[in-house]
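For reference, the structure discussed in these notes is given below.
Computed from the coordinates by the stated procedures, all read-outs in this text should not be read as laboratory data. Model, not experiment: these values are computed from the prediction. With ideal geometry, Cβ positions are generated from the backbone for all residues, glycine too; neighbour counts draw on all protein chains shown.
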Amino acid sequence: MARFPKPLEGSWTEHYPELGTGPVSYADSISPEFYELERDAIFRRTWLHVGRVEQLPRAGSYFTKDIAVANTSVIVVRGHDGEVRAFHNVCRHRGNKLVWTDNPRAETSGTARQFSCKYHGWRYGLDGACTFVQQEGEFFDLDKADYGLVPVRCDVWAGFVFVHLDREPEQSLQEYLGPMVTAIEDYPFDRLTERYAFRADVPANWKVFMDALQEQYHAPIVHRNQRPENFEAHQAGFEALHYQVDGPHRMFNTPGIRPWELPDDQIKPSEKLLRSGLFGPWDQPEFHEATVIDGMRPGGHERVGVALFEIWPNFGIQLWERGWYHTYQHWPTSHETHGFEWNLYFAPPRNARDVVAQEMTAVSLKEFALQDDSLVASVQSTLGSGGLTEFPLGDQEILCRHLHATAQEWVAASLRERSTS
Ligand code: FES
Ligand SMILES: [Fe+2]
């Protein structure tokens, strides 16, 4: 099987000596105690992606995001001044969840001129100011100015909206993302606005699922039924060209598979007909030139089919060479469960063929993801059995090694802080 040249001598893992090469502990993925520590040590101390600016097209556009791991829900809203702001989704009167539609446990979105509480009718402006208190005269020295919504730090990078639950984050969003991730900010995310969204409740620790997405060499095995007919020759499409780590973030490139270059008899008839399939629509958008940016190939490889950037802790952006992208996000709900969100973004379709091609990609990739979903459920169900919590990781599992090391480091750092304070 062909191996692609590594950018430097030696293995990828050995370029990051701090990661070591020994077996890795997965106790961090089965322990309720570790999960409790992660909530504070990780999810309340990091910039968390919550949505895209296209979800907030005009003044008053809003969406809510439930962040169970941090015991909160946030409202993200565009104000009359065009600014995107975030607030804890809680009424200042008696703590009712302020914004929800049919089910208080479900996220919602829409357009509003103000937010009114469903309990006693207190009202808040788009800037969070409290504008109305029911029977205000019956309260005691209450000044509405003191009862605005509690703000959450919010910033936008490349159209991605992030929040930080610590009111005084140590780093701005730009600093936090660092040079490797911000190198893709010129990608035309703002022109890839046709979105397909999926969400699944997965019976696995969030890190166990991330592991299955941050190496692709399992693909010929797990996803064998979706392979092109002459798979052996193309197996190398899943072998990484480049792995890189920058602070808590990580990325890889693979050459990908180009079904449009395969001989006719080796392509599924449905894919040939629709000019689309597992690896995206075959026809690129008109602005394809703009989607070829150096930042997606930090290893300098000529042919890069896939570039996945994983932004610590739980967000992945995967760019594809034909000018589309998708994102992954993992929201922990317990030590052994999480919500998995997946969004695919294409150029606005030019015609019916484009629509069908995009739908074909969405459906094929959903099938692909469901295979990973059942696989990680199987891993979770046996992790820890027979006392097995340490596992050997190969060179192409460097990002899994880095993810677990980062989670363990952040938890250890917060424990040290607690013991000294
Ligand atoms: S709890 Fe919101 S108005 Fe009373
Ligand atoms: Fe997979």
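For TRP312, the residues whose modelled amide H falls within less than 5 Å of its own, excluding neighbours fewer than 5 places apart on the same chain, are HIS249, ARG250. Site-free segments of the chain were taken between chymotrypsin sites (Phe, Trp or Tyr not before Pro) in DSSP loops having at most 13 other Cβ atoms within 10 Å, sites themselves excluded; the longest one is 141-286. Annotation: for a label point projected 7 angstrom from Cα along Cα→Cβ of SER421, residues of the range 35-55 with backbone N closer than 13 Å are 40-42, 44-45.
Taken along the Cα-to-beta-carbon direction at a fixed 7 Å, the label points for GLU359 and GLU54 span 1.8 nm. Within straight-line reach of LYS268, meaning a Cα separation under 21 Å, sit the following lysines at least 8 residues removed in sequence or on another chain: LYS366. Sites count as exposed loop sites when they are trypsin sites (Lys or Arg not before Pro), lie in a DSSP loop, and have at most 11 other Cβ atoms within 10 angstrom; the longest stretch of the chain without one is 168-349.
The helix-only estimate of mean residue ellipticity at 222 nm for the chain, built from DSSP H runs of length n ≥ 4 each weighted as -39500 (n - 2.57), is -7000 deg cm²/dmol after division by the residue total. Once you reduce the range 317-373 and the range 381-421 to the center of their Cα atoms, the two points are 28 Å from each other.
Which semi-axes, in whole Å and largest first, does the equivalent ellipsoid of the chain have when worked out from the alpha carbon gyration tensor as the square roots of 5 times its eigenvalues?
They are 39, 27, 19 Å, listed largest first.
Please report, ordered by residue number, every helix of the chain (full DSSP H runs) that is 24 Å or longer along its axis going by C-alpha atoms and whose mean Kyte-Doolittle hydropathy reaches 0.0. Those that clear 24 Å and a mean of 0.0 are 352-382. Pairs spanning more than 21 Å between alpha-carbon atoms, out of LYS65/LYS144; LYS97/LYS144; LYS97/LYS207: LYS65/LYS144; LYS97/LYS207.
Simple spin-label estimate for SER109 and THR382 gives 4.0 nm between the two label positions (7 Å along the Cα-to-Cβ direction from each Cα). Summarising the amide proton neighbourhood of ILE257: residues at separation of 5 or more, or on other chains, whose placed amide H is nearer than 5 Å comprise an empty set.
Within the same chain, aspartates and glutamates fewer than 8 places from LYS118 are excluded, and of the rest, those with a Cα less than 17 Å from its Cα are ASP102, GLU107, GLU136.
Backbone geometry of the range 268-280 corresponds, through the Karplus equation with coefficients 6.51, -1.76 and 1.60 at θ = phi - 60°, to 3J(HN,Hα) couplings of 4, x, 5, 5, 5, 5, 8, 6, 5, x, 4, 9, x Hz, x marking Gly and Pro.
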